[in-house]
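Reviewing the structure listed below.
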Amino acid sequence: MHIPFVDLKTQYALHRTELDAAMQSVIDDAAFIRGKHVKAFEEAYAEAYGVRHCISCGNGTDAIYIALKMLGLGPGDEVITVANSWIATSEAISETGAQVVFADIEPDLYTIDPARVETLITERTRAILPVHLFGLPADMEPLVQLCEKHNLLMVEDCAQAHFATYRGRRVGTFGAAGTFSFYPGKNLGAYGDAGCVITDDDDLAAKCRMFANHGALVKGEHAIEGINSRLDGLQAAVLNVKLPHIHDWNALRHQHGVRYTEQLQGIGDLELPVLRSDSDHIFHIYCVRTGRRDELRAWLQEKGVPTVLHYPTPLPFLGAYADLGHGREDFPVAAAYQSRIVSLPMFPEMTDEQIDYVSDCIRGFFER
Ligand SMILES: *Cc1c(COP(=O)(O)O)cnc(C)c1O
């Protein structure tokens with residue numbers, strides 16, 4: 001058997017008629033940039049999410065940058081984010097001119113540790129930027145309390161957690177803004193780069209909308225200098241077809257995660273993802289840990305099961321942040337996990353047979 005890590009082809013095959021028609025209509029309408037498909041997506045996403053505004057943009061990295069920049073973040077400010085994420089999170093902070101400050105993750109959960117965050121707050125701290133990594137919401141209540149206590153802004157990176165809830169409330173709605181990526185492999189993915197900012201703040205929404213489109217709300221009237229970060233019509237059309245399916249897809253991912261966990265319980269030294277009783281886990285990624293990680297990966301590769309590392313190196317240990325001078329002792333949890341984590345295939349269309357095959361291969365490895 002060969003199992004893809006993510007299978008975008010099967011999903012396309014299942015929805016091909018609708019997707020092809022939607023893409024053709026963009027071409028027929030010549031609505032390539034902005035236009036009615038983009039407007040329809042922004043309205044549908046805001047409505048589905050239960051927020052006042054969805055501002056589409058070119059990708060999820062820009063979404064973070066646009067939100068932070070329009071909240072006034074810049075040189076002299078510090079933004080606290082998490083040591084284990086995709087580099088987009090910290091890049092977007094640096095792009096505003098603000099200083100990235102990394103906090104360690106919580107054991108087993110991979111999300112930002114609120115207790116660590118508190119120790120990092122200084123006079124310059126202006127915002128906290130949690131990442132709902134792997135589809136599991138960060139522990140928001142203490143983070144919201146810290147924001148209130150220290151008068152900080154909250155922007156949530158929801159690139160891996162579309163529609164996930166924490167204590168009944170959707171991620172992305174706890175602070176000033178939530179940001180999303182619709183990169184093809186995300187839980188809701190376009191057929192190219194795409195992203196958005198959501199907010200209930202009318203003023204922030206208008207600013208983000210302006211900034212993302214060269215500083216103009218009305219064509220030709222540039223109130224400020226902005227950037228070119230627009231969602232294109234083809235991506236919006238694809239997203240319009242896919243959006244109604246997101247809840248089913250998230251539910252399937254969750255179901256697959258539970259099945260993996262049932263199958264993999266008690267094998268070798270494997271440590272499995274932990275669920276939180278007060279939150280969804282929508283399993284963008286199913287990440288396990290073992291001291292024999294590299295050996296296991298090679299074994300699985302041979303059996304037709306590709307694996308990926310999310311992420312091979314915690315952000316503070318990358319060359320890009322060498323000037324911060326961090327050592328492993330600054331991020332003991334992320335450092336301890338670095339050589340142990342490995343992500344297994346996960347996508348909504350996965351069959352039970354595929355999950356069982358992966359699980360059997362892993363059991364075979366530990367029982368040799
Ligand atoms: C994918 C991702 C992003 C960036 O999204 P792009 O659309 O690729 O720019 C940001 N943060 C996290 C956690 C992501 O997984």
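No value in this document is a laboratory result; all are computed from the given coordinates. The shown structure was predicted, so the numbers you read here are calculated from the model rather than taken from an experiment. As a convention, Cβ positions derive from the backbone with ideal geometry for all residues, glycine included, and neighbour counts pool all protein chains shown.
Quick notes on this one:
- Inter-site label distance for residue 122 and residue 141 at 7 Å from Cα along Cβ, in nm: 3.1
- Neighbourhood charge, 14 Å Cβ-Cβ cut-off, centred on residue 152 and excluding it, Lys, Arg +1 and Asp, Glu -1: -3
- Normalised contact order of segment 66-223, rounded percent, pairs of Cα under 8 Å and 6 or more residues apart: 17
- Here is how the number arises for the chain: DSSP H runs of 4 or more residues each give -39500 (n - 2.57), the sum is divided by the residue count, and the result at 222 nm is -12000 deg cm²/dmol.
- Summary value for the chain: 22 percent relative contact order, contacts being C-alpha pairs under 8 angstrom separated by 6+ residues.
- Residue 202 paired with residue 278, simple spin-label distance in nm, labels 7 Å along Cα-to-beta-carbon: 3.3
- J(HN,Hα) series, segment 176-188, from Karplus relation 6.51 cos²θ - 1.76 cosθ + 1.60, nearest Hz, glycine and proline x: 5, 7, x, 10, 10, 10, 10, 3, x, x, 6, 4, 10
- Here the contact order of segment 237-299, divided by its residue count and restricted to Cα pairs under 8 Å and six or more residues apart, works out to 32 percent.
- Computed from point charges on the beta carbon alone (+1 for Lys and Arg, -1 for Asp and Glu), the dipole magnitude for segment 143-270 about its Cα centre is near 280 Debye.
- Separation of segment 230-251 from segment 44-68 is 13 Å, based on Cα centroids.
- Charged-residue dipole, Cβ positions (Lys, Arg, Asp, Glu), the chain about Cα centre, Debye nearest 20: 320
- FRET efficiency, residue 292 to residue 1 (Cβ-Cβ, R0 25 Å, nearest 0.05): 0.65
- Cβ-Cβ distance of residue 14 and residue 217, R₀ of 45 Å, FRET efficiency by 1/(1 + (r/R0)^6): the value works out to about 0.70.
- Cα-based Rg and Dmax for the chain, where Dmax is the largest Cα-Cα distance (Å): 20.6, 69
- Across the chain, the longest run free of exposed loop sites, meaning GluC sites (Glu not before Pro) lying outside DSSP classes H, G, I, E and B with no more than 14 other Cβ atoms within 10 Å, spans 226-368.
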